[in-house]
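Step one of this worksheet: look at the structure below.
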Amino acid sequence: MISKSLKDQFIQIVGADNYRDSAAEKLVYSYDATPNFQSMPDAVIVPRNAEEVSKIVKLCNENRIPLVPRGSGTNLCAGTCPTEGGIVLLFTHMNQILEIDEENLTVTVQPGVVTLDMIHAVEAKGLFYPPDPSSMKISTIGGNINENSGGLRGLKYGVTRDYVLALEAVLPNGDIIRTGGKLAKDVAGYDLTRLFVGSEGTLCVITEATLKLVPMPETKKTMLALYQDIEAAAKTVSKIISNQIIPATLEFLDQPTLEVVEDFAKIGLPTDVKAVLLIEQDGPLEVVERDMRKIQGICLQEQAVSVQVAETEIEAEALRTARRSALSALARLKPTTILEDATVPRSEIAKMVKAINEIAVRHNVKICTFGHAGDGNLHPTVPTDARDHEEMERVEAAFEEIFAAAIDLGGTITGEHGVGVMKAPYLEWKLGAEGIAAMKIVKQAFDPNNIMNPGKVFAKESRKRVVISR
């Protein structure tokens, strides 16, 4: 609980309007997009600048008050649930694009900037920011950085980490530091910028970011390849890459996902096939034309029943929007939708898809699978009902086997959603006890009082690794 004296000190920093502790306000920020996780904060504070953040953090540190930085709450690992109470720190006031530097090809923003707003702003200058998480219409740059968000264009362009050049951050003791800069090269000391990206709010509070931009691609083309054999679709992914073609987008949707998305989006997606690949290439016109011809040939060689090329940008955007709406569409089926991510090497995609389908049958659960097949990042998704405890036990058992299968194939338990609370019990499966111990040393060095987003990443108890008989 926060004493009246402490409350008065917080109000002195941010003003009464920016300190909120009514039951309704606390309830709103007690959960995020992750189902079945909810914890009430003691208060919600909305700072206006880095100096106010610094004072808030310092006061929390001195009084051992948990602090949870929060963007739009779209994360899927319970990463912004205040599991130990304390303060939820919002950045709705810190939402400015501070600079678009066309000479150095950078954009500098505050953490509360909505991702798509920034993308539109730089595109108006003829520049391009590739990371495009499915939640980009509402997710914020600060949240993207904390979770190292991916997106549909990750195969060719990389993820958020690859575009963060510099950060302004507040450390748990209240110190404000700057890392990196508008530089192509910088090896002065430890790379704190990279350390903070993806740290899920457990090491610092990000108050400003300078991001790399690239020139806008000259043109792009989009196609849909249809398959009656799921494994053939998965094998096509590896075949495209082994032919040294790197598409901008290479997405996978299975039939159950297609049916639901088409019912939701109504754009004419085929629902009588087992799977589709959504493929896009961008760049110089002659390169795009050449690559798309080659990709079309590979798809047909690998048993695609047909390949449909979008004739207009309107058609292409409809296909992209349909893919991004997969979670929203699936959420209409049942009261609870559990979307996970498991990532494997591209060469193992076919085996991973097969494993997911076998696991679904074994546990009698409906699993819809879609995702970023080009970078091996699949999203097995289960529509269920949290009130059905017997079914939830089967769902949990199925996901445990999915994570184990991904690791067995040389993969990981999360490619872009983060660890948070949801994946924390499984982290040791991936890193081993020694790896966990090394990460705890880093956490202790930065945050000895454990005020920064406590209860995330490090589980109190790891799950016993399941063994799957094949």
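The values are calculated or read from the model by the stated rules, or taken from the named source; none is laboratory data. These numbers were taken from a predicted model, which means no experiment stands behind them. Methodologically, a virtual Cβ is constructed for each residue, glycine included, from the backbone with ideal geometry; neighbour enumeration extends over all protein chains shown. Side chains included, ligands, DNA and RNA excluded: accessible areas come from the protein's heavy atoms. Shrake-Rupley method; radii C 1.70, N 1.55, O 1.52, S 1.80 Å.
Descriptive notes on the structure:
- When residue 131 is tested against the conditions (1) surrounded by fewer than 20 Cβ atoms within 10 Å (Cβ to Cβ); (2) farther than 26 Å from residue 53 by Cα, the lone failure is (1).
- Helices (runs of 4 or more DSSP H) wholly inside segment 1-78 containing at least 3 residues that are open to solvent by less than 30 Å² (accessible area, probe 1.4 Å): 4-14, 50-62
- When we screen 391, 348 for residues that are touching a residue at least 40 places away in the same chain (Cβ under 8 Å) and surrounded by 14 or more Cβ atoms within 10 Å (Cβ to Cβ), the only hit is 348.
- Residue in segment 70-85 that is in contact (Cβ under 8 Å) with a residue 12 or more places away in the chain and over 28 Å from residue 1 (Cβ atoms) present: yes
- All of 109, 122 fail the test of being modelled with pLDDT of 95 or more, over 13 Å from the mean Cα position of the chain (by Cα) and farther than 18 Å from residue 69 by Cβ, apart from 122.
- Residue within segment 410-433 that is surrounded by fewer than 17 Cβ atoms within 10 Å (Cβ to Cβ) and among the basic types (Lys, Arg) present: no
- Of everything in segment 134-149 that is in a loop (DSSP other than H, G, I, E, B) and farther than 14 Å from residue 163 by Cβ, the residue that is least open to solvent (accessible area, probe 1.4 Å) is 139.
- Output for segment 44-83, where each listed residue is in contact with a Leu (Cβ under 9 Å, 6 or more places away or on another chain) and either modelled with pLDDT under 95 or at positive phi (or both): 76
- One residue from 174, 151, 189 being at positive phi and either under 22 Å from the mean Cα position of the chain (by Cα) or not small (Gly, Ala, Ser) (or both): 151
- Of all residues in segment 245-272 being of a type in the set (D, E, K, R) and over 21 Å from residue 155 (Cα atoms), the one that is farthest from the chain's Cα centre (by Cα): 272
- Flag not set for residue 103, criterion: without any contact (Cβ under 8 Å) to a residue 40 or more places away in the chain, outside any loop (DSSP other than H, G, I, E, B), open to solvent by 10 Å² or more (accessible area, probe 1.4 Å) and out of contact with any helix residue (DSSP H, G or I) (no Cβ under 8 Å at 6 or more places or on another chain).
- Extreme residue, nearest to residue 250 (Cα to Cα), among residues of segment 119-135 that are touching a residue at least 40 places away in the same chain (Cβ under 8 Å) and in contact with a Leu (Cβ under 8 Å, 6 or more places away or on another chain): 134
The rows are residues; the columns are (1) of a type in the set (Asp, Glu); (2) in contact with a helix residue (DSSP H, G or I) (Cβ under 7 Å, 6 or more places away or on another chain).
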{"position": "362", "(1), (2)": "no, no"}
{"position": "369", "(1), (2)": "no, yes"}
{"position": "373", "(1), (2)": "no, yes"}
{"position": "400", "(1), (2)": "yes, no"}
{"position": "435", "(1), (2)": "no, no"}
{"position": "449", "(1), (2)": "no, yes"}
